[in-house]
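The values are calculated or read from the model by the stated rules, or taken from the named source; none is laboratory data. A quick note: this is a predicted structure, and the numbers were derived from the prediction, not measured. A quick note on method: Cβ atoms are made from the backbone with ideal geometry, for glycine too, and the neighbour counts reach across all protein chains shown.
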Amino acid sequence: MNFEDYQIVSSTPDELKQMFAEMGVPPFRAAQLFDWIHKKGVLAPAEMTNLPENIKAELARSGALQSVQVGDVFTSVDGTRKLEIMLRDEKTVETVLIPDGAKLTQCISSQVGCSVGCEFCRSGKFGFKRNLTAAEIIGQVLVARDYYNPGEQLTNVVFMGIGEPLHNYDNVLRTYQLLCHPDGLNLSSRKVTISTAGILRGIEKLGRDTDGKAALAISLHAADEATRRRLVTGMKASLAEIIDSLKKYPLPKRRRFTIEYVLVKGVNDSDEDARNLVRLLNPIPVKVNLLPLNPHDLSDMEPPDDVRVAAFQQILVSKGISVFMRKRRGDDIKAACGQLLGKKEES
Ligand code: SAH
Ligand code: SF4
């Protein structure tokens, strides 16, 4: 028996069955192992009481369940926790647990670095290093369970950490499917949000592969092409093409896209920008998340003042658009949107 070649934590029950079949282990063990990892949230082989000794021993020896490990942990005054995630090649990413009433949202990373390189985002400032494997992406959710507060239960997952999820399509899709698996965490598809800067082919594939069920957030940040190019520097797709791809997305009834719009002082925060945004979004069902820019050391850009933010918001609301102001969480521990960066990448 040898688990080393297998991505056990990112395997489906059927794949585990296949793996066990090749090792001469009875197929029902696959469901037991999947249950321990994904439903019970146990990664220590010794605690997997209904598995035979030889399987537990090999799981322990190979370290196959430790796809990632937790490094430093930072806790914000608002209860947000940022976990440094150590990868086997000594690179690091970050994941954030965000409590909000009865909700617990985890923000996960999909890449080391990011090739899109948005002007205001810390995560892309050192370029792209590599894609995370599916085992490393789901691993962030599995290891974070040790950092829930008593009574907390994961309710939402957002792909809004480091990286552009749709540039790592297959591994992100697999993670989405594992998170929603009925024998595992069993999250509803509407509770797992994939956020993209606008990868057209990825949006199209995601629509097809999930029947439009995956909750989609689009980081738009601009309502005219020139401003968009200034802010989202590394993206080829035009705004018109992105809106077109959303029109074609097989969105289920009563569902809406989330549009993320980082408000940057003097760049995209005028009344005219707001009116252009209303016009641009008119043909599609949306809710808009407004995020006043979180300032950080790697960008000169600043957030607008509160009066400007309120005026911008009011224009959208007056035209019937649902607007959510993204609360700034974990700012004191650099866990807020756009502030994440692997530790090693900084040095
Ligand atoms: N790459 C994906 C997902 C990760 S970023 C994407 O861009 O959608 C998650 C969100 O944080 C995006 O909407 C991004 O634009 C936003 N963000 C990045 N830098 C920010 C900053 N400095 N202040 C506020 N939000 C920021
Ligand atoms: Fe990449 Fe998203 Fe940051 Fe842009 S905002 S650099 S796409 S992680």
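So the values come out like this:
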read-out: Which listed residue, of L316, L293, is within 21 Å of S76 (Cα to Cα) and aliphatic (A, V, I, L, M); value: L293
read-out: Yes/no for R279 being at pLDDT 95 or above, under 30 Å from E302 (Cβ atoms) and surrounded by fewer than 17 Cβ atoms within 10 Å (Cβ to Cβ); value: yes
read-out: Whichever residue in segment 80-117 is in a loop (DSSP other than H, G, I, E, B) and charged (D, E, K, R) and, among such residues, is nearest to ligand 1 (Cβ to nearest atom); value: K91
read-out: Residue tally, condition under 22 Å from G41 (Cα atoms) and either near ligand 1 (Cβ under 6 Å from one of its atoms) or buried (at least 18 other Cβ atoms within 10 Å of the Cβ) (or both), over segment 150-160; value: 5
read-out: Single match in E90, E164, E119 (criterion: surrounded by 17 or more Cβ atoms within 10 Å (Cβ to Cβ), more than 24 Å from L33 (Cα to Cα) and in contact (Cβ under 8 Å) with a residue 60 or more places away in the chain); value: E119
read-out: Considering residues of segment 94-116 that are buried (at least 20 other Cβ atoms within 10 Å of the Cβ) and within 11 Å of ligand 2 (Cβ to nearest atom) only, the residue farthest from Y147 (Cα to Cα); value: V116
read-out: K265, sole failed condition from (1) crowded, with 17+ Cβ neighbours inside 10 Å; (2) at pLDDT 95 or above; (3) assigned to a loop (DSSP other than H, G, I, E, B); value: (1)
read-out: Matching residues in segment 118-129 - criterion: being more than 8 Å from ligand 2 (Cβ to nearest atom) and either of a type in the set (S, T, Y) or in a strand (DSSP E or B) (or both); value: F128, K129
read-out: Qualifying residue in segment 247-257 (condition: more than 9 Å from ligand 1 (Cβ to nearest atom) and within 21 Å of G139 (Cα to Cα)); value: no
read-out: L185 vs. criteria within 22 Å of K82 (Cα to Cα) and more than 15 Å from ligand 1 (Cβ to nearest atom); value: yes
read-out: Test for F120: is it touching a Ser or Thr at 6+ places or on another chain (Cβ under 6 Å) and within 16 Å of Q339 (Cα to Cα); value: yes
read-out: Hey, L291 outside any strand (DSSP E or B) and surrounded by 17 or more Cβ atoms within 10 Å (Cβ to Cβ) or not; value: no
read-out: Leading residue by the ranking (surrounded by the fewest Cβ atoms within 10 Å (Cβ to Cβ)) among those in segment 201-236 that are within 16 Å of ligand 2 (Cβ to nearest atom) and part of a strand (DSSP E or B); value: A217
read-out: L341 within 16 Å of ligand 1 (Cβ to nearest atom), within 23 Å of C114 (Cα to Cα) and not small (G, A, S); value: yes
read-out: Count of segment 49-90 residues which are of a type in the set (K, R), at pLDDT below 95 and under 23 Å from the mean Cα position of the chain (by Cα); value: 1
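For (1) part of a helix (DSSP H, G or I); (2) among the charged types (D, E, K, R); (3) surrounded by fewer than 18 Cβ atoms within 10 Å (Cβ to Cβ), each residue gets a yes or a no:
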site	(1), (2), (3)
V9	yes, no, no
D14	yes, yes, yes
K17	yes, yes, no
A21	yes, no, yes
P26	no, no, yes
L33	yes, no, no
K39	yes, yes, yes
L43	no, no, no
N50	no, no, yes
